[in-house]
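What follows is a set of notes on a single structure, which appears directly below.
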Amino acid sequence: MSTVAVEVVYRGIFQKTLARNIVRSIVFAARKEGKIGTAFGRYGDSPERNGIPAKQFAIVSDSPEELEENLAVYEAREVDVTINVDDTMCKGIESWAWYGLQPINALTKPGGTLIVTSRQAADALIEDIHQKDSAYNLAIIPASTSYSGLWVYKDDHTDVRILGALAKVCPELVSLDSMVAALEDQGWGGLKATSARNTYDRLTSRPVEPGEGSDDEPFSFDLPGWKSMEEGLVIRGIEEGGGFRGGSLGDSYDPINTPSILPQGYEPTRNSVFKKFSTRAMRPVINFDTCIKCTLCWLQCPDTCFDVTPDGLYDANMEACCGCAVCEAVCPVPDCITMVNEAEFNDNNSQYEHWTRDKDGYHNWMAELIQIQKDKDSTRSHGYHSPGVYESESEVALTGDDD
Amino acid sequence: MATETLYQTEREELISGSEAIAIACAMADVDVITAYPIRPYDTVMQYVSKLKADGAFDCDFIVAESEHSQFEIVKHASAVGARTFCGSSGVGWFYAFEAITVTAGLRLPVVAMVGNRALDDPGAFGVEHNDAMAVRDLGWMLYWVGTAQEALDTALLAWRVAEDPRVFLPAAISCDGSFLTHSQAIVNVPTQEQVDQFLPQYDRGRLQLHPDNPITVAPQVNEDWLMEIRRQTDDAMRRCSDVIKEAYEEFKQLFGRGDSSPFIEEYMTEDADIIFVGMGTLAMPVRVAVRRMREQGKKVGFVRVKFFRPFATDEIREALSGCKAVAVVDRDYSYGSPSYGGVLFNEIRSALYELDQRPLAQSFIAGLGGREVLVRDVEEMAQMAQDSIDAGKVKQINTWIGVRE
């Protein structure tokens, strides 16, 4: 071994302490074996907006000279292990720090390992994860996504379970004993050390073959050169929106006297290369039959993600939705908008189109998703206000009805 | 009191350059610290406030309403005899400039950290050296740190030198944004005893603003006095070099680490044909590239400039006198400067002028706004320097590296 690099991909702010605990513990553990290391965050991701995909790295080498090759960079060029602490990011990640969608396994070395905390089965995850040219391993730690706040840390042992798993999948990094010794140094002996050992013992991984996984092309765009940029730091505005699904606003549209009457619907123009949806950990599911067309979701959405349909309904565009749940919070109709775990979805297709095509089918699909959301194993918090989520969790805690 | 129990034994910590300076603040028992948030320097204040909240040390920690007030407050605190610390980044540092210029003129030994950041606009968080460099003509000492360890050590050195009565000048410690301020490395934290031995109390003596010592500071003087005052500050800056050397030698003895020179770090320069010159964390990819090129038999070396002010003219001249080409890599730029070159480049080229046998000198602009400087970029620059040697002259003096056409 010369150098081992590990990345932790996490959701900004809610999982920052979790990521920090992991990368620092790696360096401490490596120190136990006389190695030298560094821990750093992917700089462009901070200030971390709620839920934005972000990264921290731990790099460990035998000597300072070897380590130096990995210093003064933002990202390791490749990593031995990628740790993903929110399975919804298996669909790919986009943030301030890079342009376009980066597959979750983009930096994972051939033969390396992707560790994911998830309640999903391996096959379901691989369906979301982009294909690679080379084989790697997938290891799943069975766990709900661990979310905390800025000021509090939810000490649910996710950190030490990942560190135990890491010692198993990457023994050339550190031994389990060194890892546990580093945990004890940080005051994490006892139950936390036991959790690390248990995960080490129970972890299984499965190979992912070249070409296995999603064949979606990750979106990206070309950065301009200095000769092609406009001078004066000027960026041209994008064109105004048009009718629903790209049509015109129609002859009867009167922008002066009746701007809010849109016979052809309205679809705002969006930046085609900055989609932001990888920030989304939950998505709104809309019951179009109970919608009273009050416009509140459309008005309050901070990302202008609602398209106005010609019949005056509001279709949340999943290429633009960050999953902030403001629409659910402002909707005055009970059960018209429900936030559902993003892990349950495999595409960004229009819910409105699904509903107009097959109303019964849509209702069954929606009912099933809402039921899954109520099931405690799938229940997740996206960190924002989400009616029902915390209440249902506290109910479980009070009655002790938990495994 | 608390610091005595905290820092009784030498120990390793995994900390960023900012955290290392915050620890230095605690160990130096700084009296007055002023903060105002701007990335990336703010990490130092986060850690200072945490140390204070944890009871690790006591100081007047004042969150000012702007950078300008931040620097005004420490300036005044320094005048009454308080050891001080503050800092900023990018345009925040520029907003404080009225206070920054007078601090040197009044010979007040404020120590500041500059978390190097590109100047707006365009907004960017990444490292660029133009922010700190703006004090180069003002009587501030200016140091570029290479590692988190050096950040801690340099902060201690800065108070020691700045508060020396032979000097009484402010000092700025430049730390590259992200690569130092936000990257954690293993740092040896010294004992309180070592620090106390190295760092005497700040004694302003007859210059102290105090009711028992009635003085006026900073009257309006106009042309009658001004030139003499400038010459005094010049003399203080000239005296810095000896004080730095003296303090650095003592530091090495007490702490058991340090380079051969406090002013520059020489890396594989001895028989080098091409010598790179640069500052800060740029050293990391350059040293890696130098090692690789040495393996291929290429005679390349590197000089890292640590003190930009005072500029170690003699040492730099000596380090570069034997080579065929000097390749200066600037993480800054001076629009319309001589040969349209980097700031460091023009300083280096000026220092070389007195040599009988002058090496070729070439300027490279790289890593602006925090763009990564890669090993292959350094190898490319080496090739261009070699082409100049082969041609016997530099055809294009300045080259932008890694810019999209």
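No lab work stands behind these numbers, since they all come straight from the coordinates. Just so you know, these numbers come straight off a predicted model, no measurement behind them. Positions of Cβ are backbone-derived with ideal geometry, glycine not excepted, and every protein chain shown enters the neighbour counts.
Give the aspartates and glutamates reachable from B:Lys393 as a straight Cα distance under 16 Å; neighbours fewer than 8 places away on the same chain don't count.
Here the aspartates and glutamates satisfying the reach criterion relative to B:Lys393 are B:Asp273.
How do B:Ile62, A:Ile235 rank when sorted from fewest to most other Cβ atoms within 10 Å of their own Cβ?
Details: B:Ile62 16, A:Ile235 7.
Going from least to most buried by this count: A:Ile235, B:Ile62.
Tell me, A:Met282, A:Met229 in order of fewest to most beta-carbon neighbours within 10 Å? Walk me through the intermediate numbers first.
Details: A:Met282 27, A:Met229 13.
Taking fewest neighbouring Cβ atoms as first place, the list is A:Met229, A:Met282.
Hey, what's the per residue convex hull volume over the C-alpha atoms of chain B, in cubic angstrom? Could you put the intermediate results ahead of the total?
On the way: hull volume 60.0 nm³, N = 405.
Spelled out: Cα convex hull of chain B, divided by residues, is 148 Å³.
Please find, in a Gaussian network model of chain B (springs between Cα atoms separated by less than 10 Å), the residue of B:His210, B:His182, B:His129 whose mean-square fluctuation is greatest.
B:His210
Over the C-alpha atoms of segment B:51-170, what are the Rg and the largest Cα-to-Cα span, Dmax, in Å?
Cα only, segment B:51-170: 14.3, 42 Å (Rg, Dmax).
With label points built 7 Å along Cα→Cβ from the Cα atoms of B:Asp235 and B:Lys395, find their separation and express it in nm.
5.2 nm
Work out the FRET efficiency for A:Phe274 and A:Ala329 from their Cβ-Cβ distance, taking R0 = 25 Å, and round it to the nearest 0.05.
On the way: r = 25 Å, r/R0 = 0.99.
The pair A:Phe274/A:Ala329 has a calculated efficiency of 0.50.
Longer than 27 Å from Cα to Cα, which of A:Lys32/A:Lys91; A:Lys109/B:Lys298; A:Lys168/A:Lys192; A:Lys192/B:Lys52; A:Lys192/A:Lys374; A:Lys35/A:Lys91 are they? Say none if no pair is.
Numbers: A:Lys32/A:Lys91 36 Å; A:Lys109/B:Lys298 31 Å; A:Lys168/A:Lys192 16 Å; A:Lys192/B:Lys52 30 Å; A:Lys192/A:Lys374 29 Å; A:Lys35/A:Lys91 34 Å.
Checking Cα-Cα distances, A:Lys32/A:Lys91; A:Lys109/B:Lys298; A:Lys192/B:Lys52; A:Lys192/A:Lys374; A:Lys35/A:Lys91 exceed 27 Å.
For A:Leu176, what is the net charge nearby, where nearby means another residue's Cβ is under 14 Å from its Cβ and Lys, Arg count +1, Asp, Glu -1?
With Lys, Arg at +1 and Asp, Glu at -1, the neighbours total +1.
Could you work out the mean count of beta carbons from other protein chains within 10 Å of each residue's beta carbon in A:63-74? Intermediate values should be presented prior to the final figure.
On the way: counts 0, 3, 3, 1, 3, 7, 8, 2, 11, 20, 9, 6.
The shielding value for this peptide is 6.
Residues of segment A:287-318 with backbone nitrogen within less than 13 Å of a virtual label 7 Å along the Cα-to-Cβ line of A:Tyr253, please, listed as ranges.
Within reach of a label on A:Tyr253, which here means backbone N under 13 Å from a point 7 Å along Cα→Cβ, segment A:287-318 contributes A:308-310.
Which value in deg cm²/dmol, rounded to the nearest 500, describes the helix-derived mean residue ellipticity at 222 nm for chain A, given -39,500 (n - 2.57) per DSSP H run of n ≥ 4 and division by the residue count?
Working: 11 runs with 108 residues, N = 403.
The per-residue figure over chain A is -8000 deg cm²/dmol.
Say a paramagnetic label sat at a point 7 Å from the Cα of B:Asp259, along Cα to Cβ; which residues of segment B:291-305 have their backbone N under 16 Å from it?
Answer for segment B:291-305: B:291, B:301-305.
What length, rounded to one decimal in nm, is gained on full extension from B:Asp356 through to B:Asn188, with 0.36 nm per residue of separation minus their alpha-carbon distance?
Contour length minus Cα-Cα distance gives 56.1 nm.
Straight distance only, please: which lysines reach the Cα of B:Lys299 with their own Cα at less than 17 Å, same-chain residues fewer than 8 apart left out?
B:Lys324
Hey, with R₀ at 35 Å, roughly what FRET efficiency would B:Asp242 and A:Phe221 work out to, going by the Cβ-Cβ distance, to 0.05?
Numbers: r = 56 Å, r/R0 = 1.61.
Rounded to the nearest 0.05, the efficiency is 0.05.
What is the fewest-to-most order of B:Val221, B:Val343, A:Val23 by other Cβ atoms lying within 10 Å of their Cβ? Intermediate values should be presented prior to the final figure.
On the way: B:Val221 11, B:Val343 20, A:Val23 25.
Result, fewest neighbours first: B:Val221, B:Val343, A:Val23.
Note the full-extension length gain between B:Asp224 and B:Glu270 as 0.36 nm times their separation in residues minus their Cα-Cα distance, in nm to one decimal. Each step should come with its number before you reach the end.
Details: separation 46, 0.36 × 46 = 16.56 nm, distance 5.01 nm.
Fully extending the segment from B:Asp224 to B:Glu270 adds 11.5 nm.
What does the charge count near A:Thr38 come to, summing +1 for each Lys or Arg and -1 for each Asp or Glu among other residues with Cβ under 12 Å from its Cβ?
Values: positive: A:Arg24, A:Arg31, A:Lys35; negative: A:Glu66, A:Glu68, A:Glu69.
The answer is 0.
May I ask for the angle, rounded to the nearest 10°, between helix B:148-162 and the longest principal axis of chain B, with both axes built from Cα atoms and the value confined to 0 to 90°?
Computed tilt is about 60 degrees.
Return the distance in nm (one decimal) between the two label points of a simple spin-label model at A:Ile292 and A:Thr204, each offset 7 Å from Cα along Cα→Cβ.
That separation, rounded to one decimal, is 5.2 nm.
I want to make sure I understand the PRE zone here: with the label point 7 angstrom from the Cα of A:Arg119 toward its beta carbon, which residues in segment A:309-353 have backbone N atoms less than 12 Å away?
Correct set: A:341-344.
Based on the Cβ-Cβ distance from A:Asp360 to A:Trp151, what FRET efficiency comes out when R0 is 60 Å, to the nearest 0.05? All intermediate terms of the calculation are to be shown ahead of the outcome.
On the way: r = 47 Å, r/R0 = 0.78.
Using R0 = 60 Å, I get an efficiency of 0.80.
Starting from the Cα of B:Arg404, step 7 Å along the direction of its Cβ; do the same at B:Lys299; then give the gap between the two resulting points in nm.
Output for this residue pair reads 4.1 nm.
Rank-order A:89-102, B:46-59 by packing density, defined as the average count of other C-beta atoms within 10 Å over each peptide's residues, highest first. Could you put the intermediate results ahead of the total?
Details: A:89-102: 21.4, B:46-59: 16.6.
Listed from highest to lowest mean packing, they are A:89-102, B:46-59.
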